[in-house]
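Reviewing the structure listed below.
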Amino acid sequence: MLQVLAIGLISAGIYALFAVGIVLVYRGTKVLTFAGGEVGTAALYVAAFLVTDHGMPWVVGALAAVLIAAAAGLAFEAGLVRWSREADPVVTSILTVALSATIFATEFNLHGNNPTTLETPVRIGSGLDVDGVIVSPIQIAAIVVAALLGFGLQSFLRRTDFGLAILAAADDAPATLLVGVRVSRIRLVLWASSFGLAAVAALLVEPTVGFITPGYASTLYLGGLAAAVIGGLDSLPGAVVGATVLGLAQAFADKYFKGLGLSGLSYVVTLTLLLVVLLVRSYAPEIRKRLAAPVEVTA
Amino acid sequence: MTTLQLVEVTAGFGAVTVLHGIDLDVKDGEIAGVFGLNGAGKSVTMKTIAGIVPARSGQIWFDGVDITRLDAESRVEMGMGHVPQGRQVFANLTVEENLRLGAYTLRRRDKSRYPAVLDSVYDRFPVLRERRTQKAGTMSGGQQASLAVARALVNEPRLILVDEPSAGLSPKMQGDLREVLQVVKDSGVTMVLVEQNVAFGLSLVDTANLLQTGVVVHTAPVAELDEDTLATHLGIGRVLAGATGSALTARKKR
Amino acid sequence: MTAVTLPLNKSLRLQVPLLLPGLVVAIFLPVLAQQTSLLNEPHALTLTGGCVLAIAGLSLNVLLGYAGQISLGQYAFVGVGAFTTGLVTGVTDLRLPWVVGLVASAVAGGLIALLVGLPALLLRGLYLAVVTISVAFAASESLFRVDRIGGGSAGKVVPPPYFGTHALNTSVDALTIGLVVLVLLLQMDVNLVRSRLGRAFRVLKEDETVASSFGVDVARYKLTAFALAGGIAGLAGCIDGTAFGTIQGQSFDYSHALALLVVVVIGGLGSRTGIVIAAFLTTVYPPVLVAVFGDGIRGWDQTINGIVLMLTVAFQPRGFAGAFRDAAEHRRMRQGGEPPLPPTRPNLPDLGRPKGMPEPRRTKGDTAVLEARDISVRFGGLQAVDGASLRVDRGTISALMGPNGAGKTTMFNAISGALSPDTGTVRFLGEDVSSLPPHARAARGMGRTFQLIGLAKDQSVYENLLIAQHLAAPYGVLSALTTVGSRRWEREVRQRADQTLEGLGFGRFRDTPVGRLSHGQQRIVEIGSCLVTSPELVMLDEPSAGMSPAAAEDLAATLIDIRDQLGRTVLLIEHNVPLVLGTADELYVMDAGQVIANGEPLDVVQRPEVVRAYLGEVVA
């Protein structure tokens, strides 16, 4: 039982890190980012280039990776998204799919399918022993960072003027403009932080997997997408909760349905959970109406 | 002195031109009303002044500066405040958070002034002080209207644009709203008020600008308006104008 | 609103008869090319890959381009088709003939897509995107890896088809088969686009509310789009399996889904020609690149595709088909300039009820055409309509007035079925229609227009007049795809559209997208499309909005024509007081969700409560 919990939480931490970045952009722009996984993978290649190939310290490589990812976010917003002929969130979301495809192909062309390694400061295999499952410090860090971001970022958003402006811009961009907030600048910051966060997530995931191949963060990123959707897409704590639910569900399914011999079980779990949550949620207003619960007050 | 001046402004969306050369003069400290029926271009006029809909030709002057090509945010920084149509308070934020965002450019300029300004706004709208931790979306329509006005005032604007404030409010709430706008009027801020509810608008403004199909067809101090003028220039026909006429009489008596 | 707003191409359609010459080319060209040594086996295999991609592109085009349903996992259905073919024809499995495998691949693709489509009834846009991506991952990582289906690490073997005793096992044979299927599907696509099914997809994509007001059963057509697209993708899979002989699970992973997106978006959503060209180009150019620049460039085509996809989505979202169309339009504009305005006073013909639609119920003399009783609608904390009732008698014009937010449009929506009220009943020609969906009410003779113009704005005037007759041509999906049994219906529908077009005086604007017309002109087209099925009741939501006073006068004359010449009943929401006074027999005034007055218009507008509601009260 503890084992399952530990394994579930490790995945949850990874998903949550990605989900937070997804929700951040969604909150501010209603765009769903499909590119975070590949942005993260590419950031790892940057880190590996500096650390593994050129012998720099891990911290330097990691920092460079995060900064370059953030810069890529800025460039993506300022260079493409802003000038798009259709300012529609769905179209911009497809644009991120295209970005992800481009990065993937480029990684593949530069490195092929051979695994690249990134030397990490923490030795793999050491760490907390939870009922036979070794939870490494970096995995704990991933969980902690994810939880901190999920709940801490929420309070940052509430406390600072800039954070409030982000929340307001998501609710009502025209009205936000009318209090003098430069909404376009907010968008820049959101894309930069989302891509930066994807890099952070990938850096924290890497030691768990142990090597990098093109597209490797994308399969984990699907979990992040699902977690964000399960959490309601516009709630940061919701994303963390969604990630936890997804991680645990996968861990439990792995333990109890392993006998079926079905490969890719985690994907089936993700799909099932997504469908159940989405369908229940879209029926929920109907059910609530039937139960004649007190009517919500809308703005 | 003129606070805001529109000279031959045209604007529209895509192939549609809505404003066909609007002229408008708003003097220091006055409340200028813009009235017209549905589709006359009231809302687009406001959005063009705000900088959300770009002017296609003509000029907009604010405090002696040509702002025709400035973006909406810069206009707010220059001292333009907004009470948008449908109030548009940030429903998921608390009253205090709404006000803090309202003072966004003030706080960037000089954060230390904010507590005093906030205090004076709270003094003018005590109900907001009581409810400062309440989510804006859960307040009544009248309270939201107060918040929307307060959110504009807290940035210490020199000009406030109020877009259809009475729409969707019950007569009782309209009464409350009128008091709120009276507070703004008494504070001496220049205001542009757009209203479809002509009677409501006439009870507040100093000058009335009557708008028909994207052109200001008549401008006059309220004291010089009569039923016939309203009927002709708003295009509502004599039958309905009678009611507005009685609003005028009522106001002149006061 | 429907989720996907990538714009659609309508031009660049193959205008020539396609089927026979296409089949001749498909059957003889590969063999001929092989005989003359222009085509070798590896080339043929590459081109067959192009066929597969083109067919898969047509599949995604039906779903995303026509019906506007986003799917990022469409390639999974190609896999479903491939493995189904393997299961049906394989020597260790059912060992059925290849043709059965072909049919089974389409059926399996269609059925599974139907399942995936079910959540799409409730989900839109990005939610659907995430679900379909998850489907793609679950299929390639799990379903296709089940040994029984995917054949384990060796893959699934698909035996070649036999022509008599002759095995069609060369790549040139596979190319021939691929081309034949592609040509057949292209013809089917042409038929689809011109049928009621294609029209229903297009309007569904633009606006679901408008679609249902035209009588399109939104849920059914969404599922049809998923199933049809799934079936086509399944066929692509069958060709893929046949060409390569062995199928592996990883041939259908996410990166292939992206390749499919490249083809459809760059080719141009909605443009079958663009998509087919893009499919073959993206298949053929990588080997050419390698031949020219050497082996170092291998794989970089994917990067190039990605970049081109980004640039296309951002700056030319209609793909290269769209770019051609823009250029053509630009030329036309420069030559001819804006077309002249049509007359605004239409002369509408009485077309009678279409054959495909039931005659309106016969009722006794004093039965109201419409009777809505005690309608209440609540949105969250807002009581939008509060116990409102109204009655409309045959052959009259009734008007509904009231200030903004009084609940007029909500009342309209409750009557037409666009929303279901919390309380109250709606009787139409004496029949209780309260529980019927909008399309069923439309079928009974209720026609309506919308405040913001309920037309498919990207479609031409003529298209809209056809879409409006959705219920008048009740033929099925198979007829739509093959034109068998649809021709006589289409003839009637097109004839009625032509007559209406002429009556409106809009002949010149036949092929102009409605969105290009002025607001007033759109109004007239909308009224025309409402009348084209000769409904008993015509409901108009603010018809004079955005019209000049002169145009509003013409509109008044048109309304009177509709009543007196065509003998229809009219209910309109209107702000223009002179228009109402000049046309209406009965006036209802709403305020704060309630009907506060009704009766003879000139009398009603002078009542103090009406004046107060409309111009506001003096707040002392």
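Numbers for the structure displayed
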quantity	calculated
Matching residues in segment C:129-163 - criterion: being more than 20 Å from A:VAL268 (Cα to Cα) and open to solvent by less than 20 Å² (accessible area, probe 1.4 Å)	C:GLY155, C:LYS156, C:VAL158, C:PRO161
Residue match in segment A:115-133 (condition: of a type in the set (Asp, Glu) and touching a residue at least 60 places away in the same chain (Cβ under 8 Å))	yes
One residue from C:VAL130, C:VAL158 being β-branched (Val, Ile, Thr) and in contact (Cβ under 8 Å) with a residue 60 or more places away in the chain	C:VAL158
Residues satisfying the stated conditions in segment C:78-128, i.e. in a helix (DSSP H, G or I), hydroxyl-bearing (Ser, Thr, Tyr) and surrounded by fewer than 24 Cβ atoms within 10 Å (Cβ to Cβ)	C:TYR127
Residue within segment B:51-58 that is in contact with a strand residue (DSSP E or B) (Cβ under 8 Å, 6 or more places away or on another chain), surrounded by fewer than 17 Cβ atoms within 10 Å (Cβ to Cβ), more than 11 Å from chain A (Cβ to nearest Cβ) and more than 20 Å from A:GLY180 (Cβ to Cβ) present	yes
Scan of segment C:228-267 for residues that are within 14 Å of chain A (Cβ to nearest Cβ) and open to solvent by less than 20 Å² (accessible area, probe 1.4 Å), ordered by number	C:GLY249, C:PHE252, C:ALA257, C:LEU258, C:LEU260, C:LEU261, C:VAL262, C:VAL263, C:VAL264, C:VAL265
Restricting segment B:121-131 to residues that are touching a Ser or Thr at 6+ places or on another chain (Cβ under 7 Å) and either part of a helix (DSSP H, G or I) or open to solvent by 40 Å² or more (accessible area, probe 1.4 Å) (or both), the residue that is farthest from B:GLY175 (Cα to Cα)	B:LEU128
Conditions (1) surrounded by 23 or more Cβ atoms within 10 Å (Cβ to Cβ); (2) within 21 Å of C:ARG298 (Cα to Cα); number of the one not met by C:GLY274	(2)
Selected residue [at pLDDT below 80 and crowded, with 21+ Cβ neighbours inside 10 Å] from C:ALA613, C:ALA545, C:ALA584, C:ALA620	C:ALA613
Out of C:LEU168, C:LEU115, sole residue that is more than 10 Å from every other protein chain (Cβ to nearest Cβ) and under 30 Å from A:LEU32 (Cα atoms)	C:LEU115
Answer from C:VAL146, C:VAL190 - the residue that is closer than 20 Å to C:TYR254 by Cα and not aromatic (Phe, Trp, Tyr)	C:VAL146
Criterion: within 14 Å of chain A (Cβ to nearest Cβ) and open to solvent by less than 30 Å² (accessible area, probe 1.4 Å) - qualifying residue of B:LEU24, B:LEU93	B:LEU93
Residue selected from segment A:253-286 under the condition hydroxyl-bearing (Ser, Thr, Tyr) and over 30 Å from C:ASP422 (Cβ atoms), by the criterion surrounded by the most Cβ atoms within 10 Å (Cβ to Cβ)	A:THR270
C:THR512 vs. criteria within 23 Å of C:PHE450 (Cβ to Cβ), more than 14 Å from chain B (Cβ to nearest Cβ) and either open to solvent by less than 20 Å² (accessible area, probe 1.4 Å) or in contact with a helix residue (DSSP H, G or I) (Cβ under 8 Å, 6 or more places away or on another chain) (or both)	no
Residue that is open to solvent by 50 Å² or more (accessible area, probe 1.4 Å), within 20 Å of the chain's Cα centre (by Cα) and β-branched (Val, Ile, Thr), where the choices are A:ILE143, A:ILE94, A:ILE138, A:ILE134	A:ILE143
Residue that is nearest to the other protein chains (Cβ to nearest Cβ) [pool: residues in segment A:238-266 that are modelled with pLDDT under 90 and in a helix (DSSP H, G or I)]	A:LEU265
Checklist (1) surrounded by 12 or more Cβ atoms within 10 Å (Cβ to Cβ); (2) at pLDDT 75 or above; (3) farther than 29 Å from A:LEU110 by Cα applied to C:PRO342, failing item	(2)
Condition broken by B:GLU30, with the remaining ones in (1) among the charged types (D, E, K, R); (2) at negative phi; (3) open to solvent by 10 Å² or more (accessible area, probe 1.4 Å); (4) out of contact with any Asp or Glu (no Cβ under 7 Å at 6 or more places or on another chain) satisfied	(4)
Helices (runs of 4 or more DSSP H) contained entirely in segment A:101-199, each with at least 1 residues that are under 21 Å from A:ALA35 (Cα atoms)	A:137-159, A:161-171
Test: residue in segment B:98-108 that is open to solvent by 10 Å² or more (accessible area, probe 1.4 Å), facing chain A (nearest Cβ under 9 Å) and of a type in the set (Phe, Trp, Tyr)	yes
Hits in segment C:34-54 - residues which are surrounded by fewer than 20 Cβ atoms within 10 Å (Cβ to Cβ), among the aliphatic types (A, V, I, L, M) and assigned to a helix (DSSP H, G or I)	C:LEU45
Where A:LEU148 falls short, out of the listed (1) touching a Ser or Thr at 6+ places or on another chain (Cβ under 7 Å); (2) aliphatic (A, V, I, L, M); (3) open to solvent by 40 Å² or more (accessible area, probe 1.4 Å)	(1)
Members of segment B:137-167 that are open to solvent by less than 10 Å² (accessible area, probe 1.4 Å), of a type in the set (A, V, I, L, M, F, W, C) and at pLDDT 90 or above	B:LEU147, B:ALA148, B:VAL149, B:ALA150, B:ALA152, B:VAL154, B:LEU159, B:ILE160, B:LEU161, B:VAL162
The lone exception for C:GLY245 - which of (1) touching a helix residue (DSSP H, G or I) at 6+ places or on another chain (Cβ under 7 Å); (2) on the phi > 0 side of the Ramachandran plot it fails	(1)
Those residues of segment B:202-219 which are out of contact with any Phe, Trp or Tyr (no Cβ under 7 Å at 6 or more places or on another chain) and among the small types (Gly, Ala, Ser), in sequence order	B:SER203, B:GLY214
Some residue of segment B:189-199 being open to solvent by less than 20 Å² (accessible area, probe 1.4 Å), under 27 Å from C:ARG607 (Cα atoms) and modelled with pLDDT under 75	no
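Yes or no, residue by residue, for (1) outside any helix (DSSP H, G or I); (2) among the small types (Gly, Ala, Ser); (3) in contact (Cβ under 8 Å) with a residue 60 or more places away in the chain:
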residue	(1), (2), (3)
C:GLY520	no, yes, yes
C:ARG523	no, no, yes
C:CYS530	no, no, yes
C:PRO535	yes, no, yes
C:MET539	yes, no, yes
C:MET547	yes, no, no
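The values are calculated or read from the model by the stated rules, or taken from the named source; none is laboratory data. This one's a predicted model, so the numbers in the text were calculated from it and none came from an experiment. So basically every Cβ, Gly included, is an ideal-geometry build from the backbone, and we count neighbours across all protein chains shown. Side chains included, ligands, DNA and RNA excluded: accessible areas come from the protein's heavy atoms. Shrake-Rupley method; radii C 1.70, N 1.55, O 1.52, S 1.80 Å.
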